[in-house]
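For reference, the structure discussed in these notes is given below.
Every read-out reported here was derived from the displayed coordinates using simple, explicitly stated rules and does not represent laboratory data. Please read these numbers as outputs of a predicted model, since none were measured by experiment. Positions of Cβ are generated from backbone atoms using ideal geometry, with glycine treated the same way; all protein chains shown enter the neighbour counts.
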Amino acid sequence: MQKHTENEKKDFNNTLKKSLEQLSTVIIDKENTLKLAMTCLIASGHLLLEDIPGTGKTLLAHALAQVCDLDYQRVQFTNDLLPADITGVSIFDRNSGGFTFHKGPIFTQLMLADEINRATPKSQSALLEAMEERQVSVEGETRQLPEPFFVIATQNPLEQHGVYPLPEAQLDRFLMRLSLGYISKDAELSLLAGKESRKILAELSHSMSVAELLAMQAQIADVHASMSLLEYIHALLDYTRNSGDFVTGLSTRAGIALLRAARAWAFLHGQSQVIPADVQAVFYAVAAHRLVPIATIGTMENDSVQRVLSIVAIP
């Protein structure tokens with residue numbers, strides 16, 4: 001892989017900084033969450049946003065597309081949504097006497113699957129191949145998706161009515177799961193007194209080109225991870241498998257995802273090498289939706305997953 005010069009790396013750092021600054025004008029008081037979302041994008045992953053309605057999930061997806069100059073499609077998932085509504089369908093053309101394939105909204109660079117868990121499992125599964133292989137097989141033909149291809153799915157809490165829990169195989173396709181949550185009092189007062197977020201969104205400029213994003217995604221693999229760092233990641237995986245705290249532990253694929261996210265987090269901060277702090281910074285976002293704590297009564301999921309970091313020693 002071609003190495004980038006120091007000047008190019010500085011340009012990447014400046015581009016990322018400007019992009020985060022722009023995002024923070026729309027999604028306020030959420031600096032770390034924005035960094036994690038950008039990390040997920042440059043790591044070539046997919047992002048699951050889980051929160052109550054009205055906390056800015058859809059706004060974040062639209063803002064990322066705007067700042068990074070990505071083609072954007074939004075699909076509202078409902079219980080009557082069909083797989084063909086996502087992937088596309090062939091329609092008979094009377095003029096030509098043949099069938100013409102009409103691409104669905106998945107043929108875009110950033111797709112927002114809004115309220116994904118309101119659709120049936122059959123429709124949810126239409127995303128599986130696309131998210132993993134970056135391609136869609138429809139009517140016996142395989143069609144490649146654009147580059148980059150980034151899925152942001154929003155999910156309502158399972159306590160709400162009319163939702164279908166995502167199966168483990170689907171959850172595993174998401175590199176990260178994030179929650180925006182409520183903002184602070186001062187930030188909320190500032191938001192209420194200022195411009196509407198939609199107006200700010202319309203004023204955002206493209207601070208990153210598609211070519212720059214693709215170059216960053218290619219550069220992630222060059223961020224060095226030492227053998228001791230890999231040992232640390234393995235120790236984290238091993239604890240989740242053998243501690244008895246979780247129904248099932250993290251898989252090898254989850255370990256690869258954790259390393260890729262840690263590399264992207266290090267890259268975002270201008271580092272050429274991954275350190276344990278980078279792994280810890282992304283661990284909850286990468287691991288929590290893949291782990292089911294055994295002691296769920298009286299124990300918060302956050303406590304169970306974060307406790308792994310406090311128990312497993314850094315080499």
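The packing ranking of peptides 12-18, 254-260, 56-62, highest mean first, is 56-62, 254-260, 12-18, where packing means the average number of other beta carbon atoms within 10 angstrom of each residue. As a ratio to 2.2 N^0.38 Å, the alpha-carbon radius of gyration for region 223-315 is 1.05.
How large is the dipole of the chain about the Cα centre if only Lys and Arg carry +1 and Asp and Glu carry -1, each at its Cβ, rounded to the nearest 20 debye?
Charge dipole, the chain, about its Cα centre: 200 debye, nearest 20.
Per the Debye formula on identical point scatterers at the alpha carbon atoms of the chain, with no solvent, log10 I(q)/I(0) at q = 0.11, 0.13, 0.14 Å⁻¹ is -0.73, -1.02, -1.17. In vacuum, with every alpha carbon of region 122-211 counted as one equal point scatterer, what does the Debye formula give for log10 I(q)/I(0) at q = 0.13, 0.21 Å⁻¹? Two decimals, please. Evaluating at q = 0.13, 0.21 Å⁻¹ gives log10 I(q)/I(0) of -0.76, -1.13. The mean sequence separation of alpha-carbon pairs under 8 Å and at least six residues apart, normalised by the residue count of the chain, gives a relative contact order of 22 percent.
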